[in-house]
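All remarks here apply to the structure that follows.
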Amino acid sequence: MLSIDNALLLVVDFQVRLMPSIHNHEELTNRVETFIKGCRLLGVPILTMQQYKKGLGDILPALKDALGDFEPIEKITFSCYDNEDFVKKLEESGKKNIIVTGIETHICVQQTVLHLLDNGYAAYLVADCAGSRSENDRIYAERRMRQAGAVLTTYESVLFEFLKSADHPIRKDISNLVK
């Protein structure tokens, strides 16, 4: 079971030059923005990755605003786990349940999830907060990750799992956020 104490949110490569080619990119951006805001309200730690900024640009402005004060980890590897800075920050966090959002599902997200699983982490793919240019690529990547042991879920499900109860002090804030 996910809890705020045992989980970390990983945001992978939502960048300005890459996002316009992603299937349903506007809806995806809105869902990811909402999810990040909810995680921040709950105090869930967040790691943000950025693939080759020079070529793919900065993190989307809406997500930068949602993330608040953050410092993205730069990478050129497809898997976040092949990046030493990421592995160091992940180990320092002490979290073993990694909630993954990002693009593209069949490249950077998939390789990261498979590496996390191979290295003893539980990987939770937030399927409605991950995307690819092709729906076919996204569908098959999700199947492969599930077969490898990843848990597929949705952002609203994760937020309410964190709350655990209707009497949580910020349940109304989360409820209003997801409406």
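Please treat every number below as a calculation from the coordinates, not as lab data. Just so we're clear, the structure is a prediction, and the values are computed from it rather than from any experiment. Cβ placement follows ideal geometry from the backbone for every residue including glycine, while neighbour counts extend to all protein chains displayed.
A simple count of charges around residue 50, restricted to other residues whose Cβ falls under 9 Å of its Cβ and scoring Lys, Arg +1 and Asp, Glu -1, yields -1.
The Cβ shell under 14 Å around residue 76 holds other residues with a net charge of -2, Lys and Arg each +1, Asp and Glu each -1. In this rough spin-label picture, where each label sits 7 Å from Cα along the Cβ direction, the residue 176-residue 135 distance is 3.5 nm. Would you mind pulling out the separation of the Cα centroids of the stretch 91-133 and the stretch 10-83, in Å? First find each Cα centre; the distance between them is then 13 Å. What is the calculated FRET efficiency for residue 71 to residue 167, with r their C-beta to C-beta distance and R₀ = 35 Å, to the nearest 0.05? That gives a FRET efficiency of 0.50. Remark: the residue 143-residue 119 segment gains 6.7 nm on full extension, using 0.36 nm per residue and subtracting the alpha carbon distance. Count the net charge of all other residues whose Cβ sits under 14 Å from the Cβ of residue 88, scoring Lys and Arg as +1 and Asp and Glu as -1. Combined, the nearby Lys, Arg, Asp and Glu give -4.
Taking 30 Å as R0, compute the FRET efficiency from the Cβ-Cβ separation of residue 21 and residue 152 and round it to 0.05. The computed FRET efficiency comes out at 0.80. Across all directions, the shadow cast by the convex hull of the stretch 7-178 built on its C-alpha atoms averages 9.2 square nanometres.
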